[in-house]
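Structure record follows, encoded as structure tokens.
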Amino acid sequence: MALSGISRVRRQLPTSPWLFAAPGLLVTGAFVLYPFLSTLVNAFTDRRTLIPGQFVGLANFRELLQDDMFWTGLRNSTLYVLGVVPPLVVLPLLLALLVQKNIPGITFFRSAFYTPVVASIVVVGLIWVWLLDDRGLVNSLLETVGADRVGFLSDQWLLLLSAMAVTVWKGLGYYMIIYLAALGNVPRELHEAAAVDGAGAVRRFMTVTVPAVRSTMVLVGALSSVAAFKVFSEVYLLAGPSGGPAGEDTTLVMLVQRTGTGLTGRVGYASAIAVVVFVVTVVLMLLVLRADRKEES
């Protein structure tokens, strides 16, 4: 009886891991893989929200090339990457260096810097709208000191810069934690040896810290690039559904949401835009990784 029980367990073992993985695989397939494949298929159809649609080949992508709003969204998403990524690579590293030291009260500052990360993006957006609105706190203070009001949310470029500031402010704490983990692996002997050689704080930072965390900087650059190119919430909350004055602050993801939703949404055309966003983000990742490999070689 014992031998038969052991053989029965052995026959069941090969399937046991799949039983444990099944819930995760089902969730991934239903909410990640299926939507991804569905978007790819819809990009080559004229599907609408309530109409299945027919295969149209590359017609949606040809229409993209002639759509001024698509080029506006591509421009704004690209500018967002250029404006957000450098601060999110450098500033969190500086913050990590500050909060790395074990001094009285440093735990409070670590928590304070990380608080925006866990805050709801809707709450954060409403706070910044209250601050930057034409009758908000910032403009009220400017008026109090005799300065003119600034159209942070009514000027095309100032609105985009304001959204970038929100993204940087909210992301500082997240990337700071990543840098803290990397800084913990930097040998203290390297800093001590550099100090003995007469290197100051800035020189130790450039010759010891930066090379030691360069791979982490590449990771942060890749993550922030993808997140910045796919930005939606910050611009949507500050600019509204219209995308700012005359829609000039619309990003690609906002265009996907605006085009593909509603009872008459053009799901096929929105899917084509989503495919372009996916391709560009993959290219961004590959460029960052290639630059890192070239630097190593």
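The values are calculated or read from the model by the stated rules, or taken from the named source; none is laboratory data. Treat the numbers as computed from the prediction; the structure is a model and nothing was measured. Because the Cβ atoms are built from the backbone with ideal geometry, glycine has one as well, and the counts that use them run over all protein chains shown. These accessible areas exclude ligands, DNA and RNA; they are computed on the full protein's heavy atoms, side chains included. Shrake-Rupley method; radii C 1.70, N 1.55, O 1.52, S 1.80 Å.
Brief remarks follow.
- Residues Val117 and Ala246, FRET efficiency given R0 of 41 Å [Cβ-Cβ distance, rounded to 0.05]: 0.80
- Phe55 versus Thr78: modelled label distance in nm, points set 7 Å from Cα along the beta carbon direction: 3.3
- Surface composition of the range 84-123: carbon and sulfur atoms hold 76% of the protein heavy-atom accessible area at a 1.4 Å probe.
- DSSP H segments from the chain that extend 27 Å or more along their own axis, Cα-based, with Kyte-Doolittle mean of -0.5 or above: 68-99, 156-183, 267-296
- Taken about its Cα centre, the chain carries a charge dipole of about 1240 debye when Lys and Arg each add +1 at the Cβ and Asp and Glu each add -1 at the Cβ.
- Solvent-accessible area per residue, Å², over the range 211-272 with all protein chains present [probe radius 1.4 Å]: 36
- The range 161-222 pair-distance distribution - Cα-Cα, 5 Å bins, rounded %: 4, 16, 21, 19, 15, 12, 7, 4, 1
- Averaging the sequence gap over all C-alpha pairs within less than 8 Å and six or more residues apart, then dividing by the number of residues, gives the chain a relative contact order of 30 percent.
- Mean Cα-pair separation over length for the range 159-297, i.e. relative contact order, pairs under 8 Å, 6 or more apart, %: 24
- Selection from Ala112, Ser162, Ala291 lying farthest towards where the dipole of the chain points positive, charges on Cβ: Ala291
- Most mobile of Val196, Val279, Val213 in a GNM of the chain (Cα contacts under 10 Å): Val196
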